Amino acid sequence: MNILISIIVFQVIWFFAAIMAGKGLPLYSVSAIGVSLVGHWLCSKNKKNSALFYLSAAGLGFIADTCLIQIGVMTMTSRVKDVSPLFMVGMWCHFVSTFDYSLAWVHKHKKIAVLLGGIAGPLAYWSGEKLGALQLNESLGYSLGWIAFMWIVTMPTLMYMHKRIVKI
C-alpha cells in the first residue's frame, strides 16, 4: 500500500469515526474502521499475525482507555460510560494498522516514536473532544498529561507487540 494512501485513509477514517461518535452514531464509526481494517488486513503479508496484532492492540487500548475513564481523565459521550466503547477500541486497531505502512519508519526510530506518541496521542484525544466523541476533564492539563503519559508507555509497547507478533 502506498504511504500517502495510508496516511489519507487513516485521517479520513479517524475524522469520520470521531464525528459519527460525536453525533451519537458509533455504529457508523465502527463500520468505517472495520472496512479500513479489512483493507489493511487484505494488503498484509501475514494475515494471521496481522489479525492477532490488531486484536492485541484492541485489548491494550481497551485497558488503557478504560483506565483513563476510571481516573477521571475523560468521560465518554456515548451510552457506554464506565469502560472504553467499541469505537475507541476500534481506533486503536485503526492506528496500529498503519505500523506496516505510513508509520513503518517508527520501528527504526524508537525515541522519536515515543515522543510522537506523547505529543500526537493527547492531540488526538483533544481533537476527539472538539468533535464531540469524548469529554476531557475540566483540568485540560490533567487530562492531556495523563494521556501523554499513557501514550509514552503504550507506543513502545505497541511497537514491541508488532515486532513480536508480526515479526518485521
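Principal-axis analysis of the Cα atoms of the chain puts helix 47-70 at an angle of about 20° to the longest axis. In units of the compact-protein estimate 2.2 N^0.38 Å, the range 45-123 shows a Cα radius of gyration of 1.20. Of the trypsin sites (Lys or Arg not before Pro) in the range 5-100, the ones in a loop by DSSP (not H, G, I, E or B) with at most 11 other beta carbons within 10 Å are K45, R79, K81. Build a GNM of the chain with springs between Cα atoms under 10 Å apart, and of A104, A113, A133 the one that fluctuates most is A104.
Across the alpha-carbon set of the range 23-64, the Rg to Rh ratio works out to 1.05, Rh being the Kirkwood radius. From the P(r) of the chain, can you give the percent of Cα pairs sitting at distances over 25 Å? Here the long-distance tail beyond 25 Å is 26 percent of all Cα pairs in the chain. Just check the range 85-168 against the gyration tensor rule for me: Cα atoms, a ≥ b ≥ c as the square roots of the eigenvalues, rounded for a/c under 1.5, and otherwise prolate or oblate depending on whether a/b exceeds b/c. Prolate is the answer for the range 85-168, as a/c is 1.5 or above and a/b outweighs b/c. Rounded to the nearest 20 debye, the dipole magnitude of the chain is 620 debye, with +1 charges on Lys and Arg beta carbons, -1 on Asp and Glu beta carbons, and the Cα centre as origin. Among S97, S29, S127, the residue with the largest mean-square fluctuation in a Gaussian network model of the chain, with springs joining Cα atoms closer than 10 Å, is S127. Once the Cα-Cα distance is subtracted from the 0.36 nm per residue extended length, the K23 to T66 segment shows a gain of 13.4 nm. Using only Cα atoms and rounding to the nearest 10 degrees, what angle (0 to 90) does helix 110-130 make with the longest principal axis of the chain? That helix lies at roughly 40 degrees to the long axis.
Any of K47/K111; K48/K108; K130/K167; K48/K111; K45/K111 with alpha carbons more than 31 Å apart? Name them for me. Beyond 31 Å: K130/K167.
If one computes P(r) from the Cα atoms of the range 70-114, what percent of pairs lie at distances over 12 Å? Percentage above 12 Å: 69.
The range 1-54 and the range 92-168 have Cα centres spaced 15 Å apart.
The numbers here are math on the coordinates, done by the rules we state, and not lab data. Keep in mind that what you see is a predicted model, and the values were worked out from it rather than measured. As a convention, Cβ positions derive from the backbone with ideal geometry for all residues, glycine included, and neighbour counts pool all protein chains shown.
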